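Heads up: the structure comes next, in structure tokens.
The values are calculated or read from the model by the stated rules, or taken from the named source; none is laboratory data. These numbers come from a predicted model, not from an experiment. Heads up, the Cβs are rebuilt from the backbone with ideal geometry, glycines too, and the neighbour counts pull from every protein chain shown. Accessible surface is based on the protein model in full, side chains and every heavy atom, while ligands, DNA and RNA are left aside. Shrake-Rupley method; radii C 1.70, N 1.55, O 1.52, S 1.80 Å.
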Amino acid sequence: MTSPRARRSPRRTEALSRERIVEAAVGLLDAAGEGGLTFRALTERLATGPGAIYWHVANKGELLGAATEAVVAAAVATGPQRTGRAGGTEGAEGAEGAEGAEESGGAAESGGAAEAAREGIRCVALGLFDAIEEHPWLAPQLAGQLSRNPGGPVAPRIFENIGRQVRALGVPGDSWFTATSALVHYVLGAAGQNAANTASGRALGPDADRAGFLDAVSTAWEGLDAEDYPFTRAVADQVREHDDREQFLAGIDLVLAGITALHLPAGRPGGSPEA
């Protein structure tokens, strides 16, 4: 005869943790958006009671914040690690490497450290771009958290991972905040707009075709009044062929080129930090 202890329900066999709750919340958000994240749905997915969940998170707002933080943390952590180069996740090490290159006077080594920092920025940016594309609920949550709770964990994590690379790039300290802010605003703005475009495309139905949609936009731009919209008509054909990810990374390179031109003197070709 099976003892009562052996007949415990599956929900009792695996300890409930905040991490499991957040993971389940992300799954619900991905499947049904913010409206689909309810404590009832969460208890069903985790096969537990609401009291066990409330032990770890106080309310839906806290749960949304934790889900946003978890996705952002994964995005900024995995991006630089794909390169296997200096200036990745441990951006402080990239800065130290750049300082060492300056002290040795090796332009090639210094240039390599600066390029590693630029690659680190591209990878963090692309990690966030992919996360916002993969999780349609993330862009509005990021916008809300950055405005309502800039002192919370999300904004500092994004600033830290991009800012370390800005420092390693060789930008003077008094320009770190401005340069990092420019990159962060571009990344979140461009990635958020791309996610909104993707959501609009999905709303058109399963038969919606991206190429057809872009062709329709291009055709509409080409039909604009030539006197009022000469530039828009001139670039209309480029809309048909553009790749969202390539365009996003091209924008990162434009911002980096501006930061380099403004803040890295010609006498420091490697972009190593000032003492």
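A single entry from LEU224, LEU262 fulfils the requirement of being loosely packed, with under 15 Cβ neighbours inside 10 Å and within 30 Å of ALA168 (Cβ to Cβ): LEU262. For the range 152-187, filtering for residues that are part of a helix (DSSP H, G or I) and either charged (D, E, K, R) or within 20 Å of ALA257 (Cβ to Cβ) (or both) leaves 24. Looking only at residues of the range 15-41 that are over 23 Å from the mean Cα position of the chain (by Cα) and aliphatic (A, V, I, L, M), we find that the one that is least open to solvent (accessible area, probe 1.4 Å) is ALA41. Would you mind stating whether GLU99 is at pLDDT below 85 and either under 30 Å from ASP30 (Cα atoms) or surrounded by 14 or more Cβ atoms within 10 Å (Cβ to Cβ) (or both)? Here the answer is yes, as GLU99 does meet what is asked. Scanning the range 131-140 for residues that are open to solvent by 20 Å² or more (accessible area, probe 1.4 Å) and closer than 15 Å to GLY61 by Cβ yields a total of 1. Taking the criterion of being open to solvent by 60 Å² or more (accessible area, probe 1.4 Å) and touching a residue at least 24 places away in the same chain (Cβ under 8 Å), the residues of the range 161-175 that qualify are ARG164, ARG167.
Determine if the range 180-189 includes at least one residue that is within 22 Å of LEU214 (Cα to Cα) and out of contact with any Pro (no Cβ under 8 Å at 6 or more places or on another chain). Among the residues of the range 180-189, at least one is within 22 Å of LEU214 (Cα to Cα) and out of contact with any Pro (no Cβ under 8 Å at 6 or more places or on another chain), which makes the answer yes. Only one of the listed residues (ALA236, ALA211, ALA196, ALA190) is surrounded by fewer than 14 Cβ atoms within 10 Å (Cβ to Cβ) and either without any contact (Cβ under 8 Å) to a residue 40 or more places away in the chain or assigned to a helix (DSSP H, G or I) (or both). That residue is ALA211. Going through the range 2-49 one residue at a time, which ones are part of a loop (DSSP other than H, G, I, E, B), at pLDDT below 50 and not small (Gly, Ala, Ser)? If the condition is that a residue be part of a loop (DSSP other than H, G, I, E, B), at pLDDT below 50 and not small (Gly, Ala, Ser), then THR2, PRO4, ARG5, ARG7, ARG8, THR13 are the ones that fit.
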